[in-house]
Amino acid sequence: GALVNGDVLNYPPPSYSPDTGLFYVHEQNTMRISYLMDPDPRGSMGLGGIAGGASLNYGTNIVVVDYKTGKITWRKPLNGGSVGLLTTAGGLLFLSNGQNVEAWDAKTGNGLWYSQIGGITSPAQTFLLDGKQHMLFTGAAGMYIFVQN
(Lines give C-alpha, C1' and ligand atoms only; values in the text may rest on other atoms or scores of the structure.)
Protein backbone atom coordinates (compact mmCIF):
# COMPACT_ATOMS: atom_id res chain seq x y z
CA GLY A 1 0.00 0.00 0.00
CA ALA A 2 0.91 3.61 -0.38
CA LEU A 3 2.43 5.50 2.51
CA VAL A 4 0.03 8.38 2.05
CA ASN A 5 -3.12 7.91 0.04
CA GLY A 6 -4.62 11.17 -1.16
CA ASP A 7 -2.89 13.19 1.55
CA VAL A 8 -0.83 16.33 1.09
CA LEU A 9 2.70 16.36 2.49
CA ASN A 10 3.17 20.08 2.99
CA TYR A 11 1.70 20.36 6.50
CA PRO A 12 2.63 19.23 9.02
CA PRO A 13 6.12 19.47 7.51
CA PRO A 14 7.95 16.15 7.06
CA SER A 15 11.71 15.88 7.43
CA TYR A 16 14.59 14.07 5.74
CA SER A 17 17.90 13.13 7.34
CA PRO A 18 20.90 12.63 5.02
CA ASP A 19 22.69 10.99 7.97
CA THR A 20 20.14 8.19 8.39
CA GLY A 21 18.87 8.20 4.80
CA LEU A 22 15.34 8.21 6.21
CA PHE A 23 12.25 10.31 5.47
CA TYR A 24 10.02 11.17 8.47
CA VAL A 25 6.36 11.94 7.93
CA HIS A 26 3.27 12.55 10.02
CA GLU A 27 0.54 9.98 9.26
CA GLN A 28 -3.03 10.70 10.26
CA ASN A 29 -5.51 7.92 9.59
CA THR A 30 -8.98 9.40 9.39
CA MET A 31 -12.10 8.75 7.42
CA ARG A 32 -14.91 11.20 6.74
CA ILE A 33 -18.22 10.94 4.99
CA SER A 34 -20.18 14.04 4.04
CA TYR A 35 -23.58 14.27 2.45
CA LEU A 36 -26.10 16.90 1.44
CA MET A 37 -29.19 16.69 3.64
CA ASP A 38 -31.22 19.57 2.27
CA PRO A 39 -30.12 21.06 -1.07
CA ASP A 40 -30.34 24.77 -1.70
CA PRO A 41 -33.65 25.49 -3.46
CA ARG A 42 -31.87 27.75 -5.98
CA GLY A 43 -30.42 24.72 -7.72
CA SER A 44 -27.12 22.87 -7.80
CA MET A 45 -24.87 25.83 -8.53
CA GLY A 46 -22.63 25.24 -5.54
CA LEU A 47 -24.67 27.58 -3.40
CA GLY A 48 -24.80 25.19 -0.49
CA GLY A 49 -27.63 23.79 1.52
CA ILE A 50 -27.47 21.83 4.73
CA ALA A 51 -24.73 19.22 4.93
CA GLY A 52 -24.04 16.50 7.46
CA GLY A 53 -21.49 13.80 8.04
CA ALA A 54 -19.27 11.96 10.43
CA SER A 55 -15.61 11.19 10.85
CA LEU A 56 -13.56 8.44 12.43
CA ASN A 57 -9.93 8.61 13.56
CA TYR A 58 -7.81 5.45 13.42
CA GLY A 59 -4.78 7.06 15.04
CA THR A 60 -1.84 9.28 14.30
CA ASN A 61 1.73 8.05 13.79
CA ILE A 62 5.18 9.12 12.82
CA VAL A 63 6.18 6.93 9.88
CA VAL A 64 9.81 6.58 8.85
CA VAL A 65 10.60 5.49 5.30
CA ASP A 66 13.83 4.40 3.62
CA TYR A 67 13.63 6.64 0.57
CA LYS A 68 15.74 4.24 -1.53
CA THR A 69 13.41 1.27 -1.10
CA GLY A 70 10.14 2.92 -0.08
CA LYS A 71 9.89 0.48 2.84
CA ILE A 72 8.73 1.64 6.25
CA THR A 73 11.64 1.42 8.69
CA TRP A 74 9.55 2.11 11.78
CA ARG A 75 6.22 3.57 12.79
CA LYS A 76 5.43 5.03 16.20
CA PRO A 77 2.02 6.14 17.50
CA LEU A 78 1.58 9.75 18.59
CA ASN A 79 -0.55 10.94 21.44
CA GLY A 80 -2.24 13.77 19.58
CA GLY A 81 -1.27 15.40 16.34
CA SER A 82 1.97 16.91 15.17
CA VAL A 83 2.78 20.41 13.99
CA GLY A 84 5.98 19.40 12.24
CA LEU A 85 9.15 17.37 12.27
CA LEU A 86 12.80 18.37 12.26
CA THR A 87 15.88 16.14 12.01
CA THR A 88 19.35 17.23 13.09
CA ALA A 89 22.92 16.26 12.22
CA GLY A 90 23.20 15.03 15.83
CA GLY A 91 20.88 12.10 15.06
CA LEU A 92 17.75 13.57 16.63
CA LEU A 93 14.17 13.86 15.45
CA PHE A 94 12.32 16.78 17.04
CA LEU A 95 8.56 16.96 17.00
CA SER A 96 5.93 19.02 18.68
CA ASN A 97 2.58 17.37 19.26
CA GLY A 98 0.51 20.33 20.40
CA GLN A 99 1.50 20.07 24.08
CA ASN A 100 5.01 18.63 24.25
CA VAL A 101 8.27 19.22 22.46
CA GLU A 102 9.95 15.84 22.07
CA ALA A 103 13.36 14.60 20.93
CA TRP A 104 13.59 11.06 19.60
CA ASP A 105 16.52 8.99 18.38
CA ALA A 106 16.25 9.42 14.59
CA LYS A 107 17.34 5.82 13.90
CA THR A 108 15.14 3.98 16.40
CA GLY A 109 12.35 6.33 17.47
CA ASN A 110 13.22 5.93 21.13
CA GLY A 111 12.15 8.94 23.17
CA LEU A 112 15.10 10.84 24.65
CA TRP A 113 13.72 14.11 26.03
CA TYR A 114 10.57 16.19 26.25
CA SER A 115 9.31 19.46 27.63
CA GLN A 116 5.67 20.31 28.16
CA ILE A 117 5.16 23.80 26.73
CA GLY A 118 1.48 23.61 25.80
CA GLY A 119 -0.33 25.18 22.89
CA ILE A 120 2.46 24.65 20.36
CA THR A 121 1.50 26.33 17.11
CA SER A 122 4.43 25.84 14.74
CA PRO A 123 7.18 23.36 13.86
CA ALA A 124 10.61 23.54 15.47
CA GLN A 125 13.11 26.04 14.14
CA THR A 126 16.84 25.72 14.66
CA PHE A 127 19.77 28.09 14.33
CA LEU A 128 23.41 28.37 15.35
CA LEU A 129 24.42 31.34 17.52
CA ASP A 130 27.79 31.82 19.25
CA GLY A 131 28.74 28.25 18.38
CA LYS A 132 25.70 26.74 20.15
CA GLN A 133 22.68 25.14 18.56
CA HIS A 134 19.35 26.74 19.49
CA MET A 135 15.87 25.20 19.11
CA LEU A 136 12.95 27.61 18.90
CA PHE A 137 9.30 26.72 19.53
CA THR A 138 6.21 28.89 19.79
CA GLY A 139 3.69 28.02 22.47
CA ALA A 140 0.52 29.46 23.93
CA ALA A 141 2.49 31.66 26.32
CA GLY A 142 5.16 32.84 23.86
CA MET A 143 8.43 31.70 22.33
CA TYR A 144 10.68 29.08 23.90
CA ILE A 145 14.35 28.60 23.12
CA PHE A 146 16.38 25.58 24.17
CA VAL A 147 20.17 25.93 23.94
CA GLN A 148 22.71 23.13 23.49
CA ASN A 149 25.05 22.78 26.48
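The values are calculated or read from the model by the stated rules, or taken from the named source; none is laboratory data. Nothing here was measured: the structure is a model prediction, and the numbers come from that model. In this analysis, Cβ positions are derived from the backbone assuming ideal geometry, glycine residues included, and neighbour counts consider all displayed protein chains. Accessible surface is based on the protein model in full, side chains and every heavy atom, while ligands, DNA and RNA are left aside. Shrake-Rupley method; radii C 1.70, N 1.55, O 1.52, S 1.80 Å.
Miscellaneous remarks
- With Cα atoms defining each centre, region 13-37 and region 80-114 are spaced 15 Å apart in the structure.
- Using the average count of surrounding beta-carbon atoms within 10 Å as a protection proxy, the listed peptides 127-133, 19-25 rank, highest first, as 19-25, 127-133.
- With both labels modelled 7 Å from their Cα along Cα-to-Cβ, the S55 to Y11 distance reads 1.4 nm.
- Amide H contacts of L112 (H built 1.01 Å from N, in plane; Pro and chain starts excluded): A103, W104, D105 sit under 5 Å, all sequence-distant by 5 or more or on other chains.
- Share of carbon and sulfur in the accessible heavy-atom surface of region 102-149 [1.4 Å probe, %]: 53 percent
- Estimated distance in nm for a label pair at T69 and D105, the labels positioned 7 Å out from Cα along Cα-to-Cβ: 1.9 nm
- Across region 52-110, Cα pairs under 8 Å and at least six residues apart give a relative contact order of 22 percent.
- For region 95-149: rounded, prolate or oblate by the Cα gyration tensor [a/c cutoff 1.5]: oblate
- Length gained on full extension, A89 to R32, computed as 0.36 nm times the residue gap minus the Cα-Cα distance: 16.7 nm.
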